[in-house]
Structure formats: structure tokens, C-alpha cells
Amino acid sequence: MDKFIIYGGNRLKGQVTISGSKNAALPVLCSSILSEGVCTYTNVPDLDDIDTICRVLGHLGVTSQKPAPNTVVLDPTGITSHEAHYDLVKKMRASILVLGPLLARYGRAKVSLPGGCAIGVRPIDMHLKAFAKMGAEIDLSHGYVVASADRLKGTRIVFDNTTVGGTENVMMAASLADGTTVIEGAAKEPEVVDLAGVLNAMGARIEGAGESTVVIEGVKTLSGVRYEVIPDRIETGTFLVAAGITKGRLSIARGRADHVTAVIDKLMGMGLQISEGQSGTIEVNGDCDLRAVNVETVPHPGFPTDMQAQIMALACVADGVTSITENIFENRFMHVPELMRMGANLEEKGRTVIVRGIERFQGASVMATDLRASASLVLAALNAIGYTEIRRIYHLDRGYDALDKKLMALGADVSREKGGL
Ligand code: EPZ
């Protein structure tokens with residue numbers, strides 16, 4: 001398994017271009033199942049998770065091609081199977097996003113229950129309750145969801161708690177349902193808005209995406225499409241933190257500042273200077289005395305859970321005491337013991353971690369445990385005195401497109417070594 005070797009202390013400088021959004025691309029690619037024609041997607045990030053979803057779709061009979069960098073062409077006209085197997089769904093739980101489209105387009109689906117992952121149990125009860133309310137027959141058997149429906153019926157779906165995947169699965173299913181579906185308590189994430197964008201470009205009738213009430217008027221068919229995926233807001237936030245933790249100055253191209261307002265507010269509260277550049281770039285100057293600010297993760301447009309580990313790394317080297325509370329997932333502090341190995345002063349109290357600022361991290365040998373935890377270790381290593389070895393970097397490759405190359409181009413001392421435990 002690959003590892004990173006990082007020698008800390010270099011101030012990052014220069015321009016970085018943000019890749020397409022993993023969490024937008026995954027549901028957008030799944031929506032091809034709903035289409036009568038070929039779908040071409042651009043600005044798709046080059047990630048292991050994208051390869052995985054193409055394999056899941058391939059098992060269904062959707063052929064995929066990559067005619068150019070960051071371009072994926074899917075042909076769903078030859079779908080022969082409606083099953084998503086355990087080994088792929090277990091590898092990437094976003095595979096559950098084929099359930100809604102299969103049910104809506106073919107009236108049946110057999111999809112492995114995703115099972116938990118490193119950051120939590122992550123059930124899909126809200127997805128299944130919604131499909132049952134739309135008239136689907138849902139059975140759980142031998143670790144699989146077996147679902148069937150002659151034709152899904154539009155209805156009112158109320159999500160008591162915010163679910164991004166649940167909102168996306170229902171939006172896709174409702175696009176071909178008979179009648180109108182109203183989702184109340186919908187997730188407002190930019191990735192939900194992007195999915196509504198591609199569905200409407202295919203002929204769907206969706207209004208209100210990005211608000212808490214989304215109205216979907218079912219149509220009979222959806223056509224092929226050519227669509228560009230939005231930039232990755234979590235990668236954008238990660239590079240903003242990278243500027244702060246190395247006291248560097250970056251120009252971030254193709255990032256959407258309006259997708260990361262809560263992150264920008266927090267980082268400016270810590271002392272970073274962030275502004276819009278001439279050609280729509282995000283300019284960040286991290287050369288400042290970092291101040292502690294408290295953080296609570298909440299659904300969009302609040303501070304995103306996917307940035308919690310990264311801002312914790314920054315808080316570790318800020319002056320003062322920070323409290324960071326994770327409200328979305330029940331086990332998303334696995335970066336804490338690893339950051340402590342690098343000298344961080346952290347105290348975990350249930351869903352909150354108290355961070356007491358230190359001068360600088362110390363290089364050490366650490367282990368990546370999940371995608372965003374890995375990013376926080378990379379950020380800490382960029383700041384650290386001496387060398388840091390980060391093992392199991394495959395976690396990072398799932399969600400960051402060429403992060404090592406991008407960091408090297410900004411002056412970081414990063415190398416990737418093959419093999420090892
Ligand atoms: C999406 O996951 C993202 N993944 C996650 O990003 C992100 O952290 C999460 O939304 C929250 O913003 C993708 O978009 C592929 P949820 P999702 O359904 O849809 C509970 C990353 O690092 N819940 O909004 O699975 C659930 O357990 C990943 O890129 C239920 O209880 O998240 C969690 O505690 C990590 N029942 C909370 O709700 C359900 O039926 C939010 O989950 C569904 C969810």
C-alpha cells in the first residue's frame with residue numbers, strides 16, 4: 001500500500017486548480033441509469049471512487065468510456081442486470097445511489113446493504129422508508145435490499161433528519177414516478193443542486209433544489225445529456241487550510257467560493273485573508289497568527305462535516321483553545337490519535353474535541369484511516385518539523401485527484417512511495 005513522505009515547513013505558494021466534485025460526480029453518474037440515451041460528463045475527477053462507480057454501473061450493463069481526461073461517457077441503453085453486489089457496495093457506500101434510478105426505470109433492484117464504514121453505521125433507513133412510501137415493495141434478505149414497484153408514485157416525503165444521499169436517491173426516483181413528489185427537509189448541499197441540474201437537463205421537472213422543499217413532477221422518459229460537474233468544495237476548503245497551516249499564499253482556480261462560505265468565514269475568523277481574485281480565483285494569504293475559533297459541523301450551508309478533520313489540523317497550531325463538535329457522524333475523530341502522535345494537544349469528550357494550540361507539529365509515522373482523516377494528516381505533515389510518513393494513502397486517493405502532485409507544484413516536499421504496510 002502506498003505511503004506519503006512529507007518534509008514539513010515549506011510555505012505553499014502559487015496557483016492550484018480544483019478538480020471536479022467527487023460527491024457531485026457519484027450521483028450524477030448514477031443518474032445515467034434513468035436515461036434513454038448516451039450521457040457525457042465532463043470535469044469528472046480522476047479518483048478511485050469514480051472507477052468504482054463505473055464498475056458498479058458496468059455490472060448493470062452500463063458501458064463506460066473515458067475518451068479524454070476528466071470526461072466519462074456512459075451508455076445505459078444495454079442494461080441487463082439490476083443488481084449491485086456486496087463487494088462493490090461495501091467498497092463504496094455511494095453505490096446505494098443506483099437503487100432509486102433502477103427502481104424508477106426498471107421497477108426492480110437488488111442492492112447490497114452498504115454496511116457501516118470507518119466513520120459510522122451510516123444506515124439507509126430513510127432512503128428505504130421513502131421508496132416504500134412511493135409504493136415500492138422493500139425486502140431485506142441476506143444482506144441485500146430487494147425492491148420492486150410497478151411504477152413509483154409521486155407523494156410527500158418528509159426527512160426528519162438531513163440526508164444528502166437520501167435526498168439524491170429520492171430525487172432520481174421521483175423524476176420518473178407517476179405524479180408529483182414533494183421532499184420536505186431536503187438536503188441543501190451543492191451536490192444535490194448539481195444532481196437536479198443534470199436531471200433537468202435530461203428533461204426532468206425539479207424545482208427548489210438547494211432549498212428544504214424540493215418539488216419533482218414525474219415525467220415519462222429522460223434523455224441522454226452532456227453535463228459538466230461542479231468543482232469539489234471540500235478540495236477547495238482543504239487548500240484554503242493548506243495555505244493557513246504553512247503560512248503560504250495561494251491562488252485557487254475553478255473553486256466556487258459560494259460553495260464554501262461557512263469554511264471561509266471560519267478561516268477568516270482564525271486570521272486568514274481570503275478574497276476573490278481578478279479572474280474569479282480565490283486568493284488566500286495564510287501568513288498570519290492563527291487564532292482559535294469554535295467549530296460545529298451541521299448540514300449545508302453550515303460548516304461541513306467533510307472539513308472537520310482538516311480544520312482540526314489547523315486549530316492544533318492556532319493560539320488558544322478550540323472546541324470542535326461533530327454532529328453528523330458518530331465516529332469521525334479517528335484522525336485524533338494520529339494527530340496526537342504528531343504532538344497535537346487534543347482531548348476527546350464525546351462528540352467534541354478540545355484543541356489546545358501548539359507551536360508546530362512534529363514529524364512522525366502515522367496511519368490514514370479514512371478519506372478526510374488522511375487529508376488532515378497531510379496538512380499536519382506540511383506544517384511539521386521533520387519528516388512524516390503517512391501510510392495507507394489509498395484512503396486519500398479515493399477522494400483527492402493528484403493531491404501529491406498539486407502540493408509539489410506549490411512547493412511542498414512530498415513524495416509517494418509504493419508498497420509497505
Ligand atoms: C454524503 O454522505 C457524502 N458522501 C459524505 O461525504 C458527507 O459526509 C455526507 O453526505 C454528509 O454531508 C457522498 O456524497 C458520496 P447522509 P451520505 O445521508 O449521503 C445518517 C466524504 O468524505 N443517515 O447525509 O451517506 C447517517 O448515518 C463523504 O466525501 C441515517 O441515519 O450522508 C449520517 O449520520 C463522507 N439514515 C447522517 O444521517 C439514512 O437513511 C448524514 O448522512 C441516511 C443517513
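See the values below:
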item	result
Reference-scaled alpha-carbon Rg (2.2 N^0.38 Å with N residues) for the chain	0.98
Segment 137-173 versus segment 231-255: alpha-carbon centroid distance in Å	36
The chain, relative contact order in percent, only Cα pairs under 8 angstrom and at least six apart counted	21
Leading residue at positive end of dipole, the chain (Cβ point charges), from T236, I358, M126	I358
Per residue, in Å², the accessible surface of segment 314-359 once ligands and nucleic acids are set aside, probe 1.4 Å	44
For the chain, size of Cβ-based charge dipole, Lys and Arg +1, Asp and Glu -1, in debye	420
Percent accessible area from carbon and sulfur atoms, segment 294-357, protein chains only, probe 1.4 Å	49
Ranked by how many other beta carbons lie within 10 Å on average, peptides 275-283, 87-95 from highest	87-95, 275-283
Solvent-accessible area, 1.4 Å probe, carbon plus sulfur percent, for segment 126-180	47
Length-normalised contact order for segment 339-421 - Cα pairs under 8 Å, 6+ apart - percent	24
1.4 Å probe accessible area per residue over segment 1-147, in Å²	38
Estimated vicinal HN-Hα couplings, Hz - segment 192-207 in sequence order (Karplus 6.51, -1.76, 1.60; Gly, Pro = x)	5, 4, 5, 5, 4, x, 6, 5, 5, 5, 8, x, 6, 10, 10, 10
Residues of segment 256-307: accessible area per residue with a 1.4 Å probe, Å²	46
Whole-percent carbon and sulfur share, accessible surface of segment 1-47, 1.4 Å	44
Charge dipole (the chain, unit charges on Cβ, about Cα centre) - positive-most of V158, L176, A318	A318
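The values are calculated or read from the model by the stated rules, or taken from the named source; none is laboratory data. Just so we're clear, the structure is a prediction, and the values are computed from it rather than from any experiment. Positions of Cβ are backbone-derived with ideal geometry, glycine not excepted, and every protein chain shown enters the neighbour counts. Protein only, heavy atoms only, side chains kept; ligands, DNA and RNA dropped before computing areas. Shrake-Rupley method; radii C 1.70, N 1.55, O 1.52, S 1.80 Å.
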